[in-house]
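The structure appears right after this line, and notes come after that.
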Amino acid sequence: MSTDAIVLLKEDHKEMRRLFREFQNADDDATEVKAQLAEQILEALTVHTYIENEGMYPETRKLLPDLEDDVLESYEEHHVADVLCAELAAMSPEDERFDAKMMVLMENVTHHMDEEEQDWFPKVRDGLGRKQLQEIGARMIELRENAPRKPSDPRALKKTLEAIVA
Ligand SMILES: [Fe+2]
Ligand SMILES: [Fe+2]
């Protein structure tokens, strides 16, 4: 099995897009289904953001200083998603603002994933060798084992906050 960092992250993105589609296709009044999907989405996002924040971003920033601006923008985008996730974790589908907030989250994350896939990953692949990408991927697989799964876990917020306010 490949541990290529970009392959792993793209697989996560694909799963996220699948969950987003399911949520969008759910009936308006299917509150139980929506609650369940939202929980899966928040968990998938929390884990994915964590392994990028702890594995992919700092490593890339160190190895490819030219991509620093992209990494900084990505941390900001993660932060916006973190805030929305934390708020959604405390809400239920019956809340008036639940669907609207989920939509904004999914739109933001989709934009962010598109940018990573179309713009950022190709630059990273050009700049790093296969071996480096496999090492970063292996590290992310390790990080995933013990990653926070809920947006309320303080570890889910730590790296982004360090990067944007420290
Ligand atoms: Fe990201
Ligand atoms: Fe990503």
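The values are calculated or read from the model by the stated rules, or taken from the named source; none is laboratory data. Note that the structure is predicted; figures quoted are calculated from it, not measured. As a convention, Cβ positions derive from the backbone with ideal geometry for all residues, glycine included, and neighbour counts pool all protein chains shown.
Just a few scattered comments:
- Near pairs, Cβ below 8 angstrom, 6+ apart or cross-chain, from region 1-28 (within 15 Å of ARG139 (Cβ to Cβ)) to any residue that is within 14 Å of ligand 1 (Cβ to nearest atom) and aromatic (Phe, Trp, Tyr): ILE6/PHE121; LEU9/PHE121
- Scanning region 24-47 for residues that are more than 13 Å from CYS85 (Cα to Cα) and within 15 Å of the chain's Cα centre (by Cα) returns no hits.
- The criterion of at least 2 residues that are within 16 Å of ligand 2 (Cβ to nearest atom) and charged (D, E, K, R) is met by the following helices (runs of 4 or more DSSP H) wholly inside region 1-105: 5-25, 57-63, 68-89.
- Options ALA26, ALA35, ALA30: the member that is buried (at least 17 other Cβ atoms within 10 Å of the Cβ) and either hydroxyl-bearing (Ser, Thr, Tyr) or more than 15 Å from ligand 1 (Cβ to nearest atom) (or both): ALA26
- Test: residue in region 106-122 that is more than 16 Å from ligand 1 (Cβ to nearest atom), out of contact with any strand residue (DSSP E or B) (no Cβ under 7 Å at 6 or more places or on another chain) and at pLDDT 95 or above: no
- Region 136-166: number of residues that are closer than 14 Å to HIS48 by Cβ, small (Gly, Ala, Ser) and assigned to a helix (DSSP H, G or I): 2
- Verdict on ASP82 being under 25 Å from ARG21 (Cα atoms), touching a residue at least 60 places away in the same chain (Cβ under 8 Å) and among the charged types (D, E, K, R): yes
- Qualifying residue in region 127-135 (condition: under 20 Å from LEU9 (Cβ atoms), in a helix (DSSP H, G or I) and within 14 Å of ligand 2 (Cβ to nearest atom)): no
- Residue that is surrounded by fewer than 18 Cβ atoms within 10 Å (Cβ to Cβ) and within 14 Å of PHE121 (Cα to Cα), where the choices are GLU68, GLU59, GLU52: GLU68
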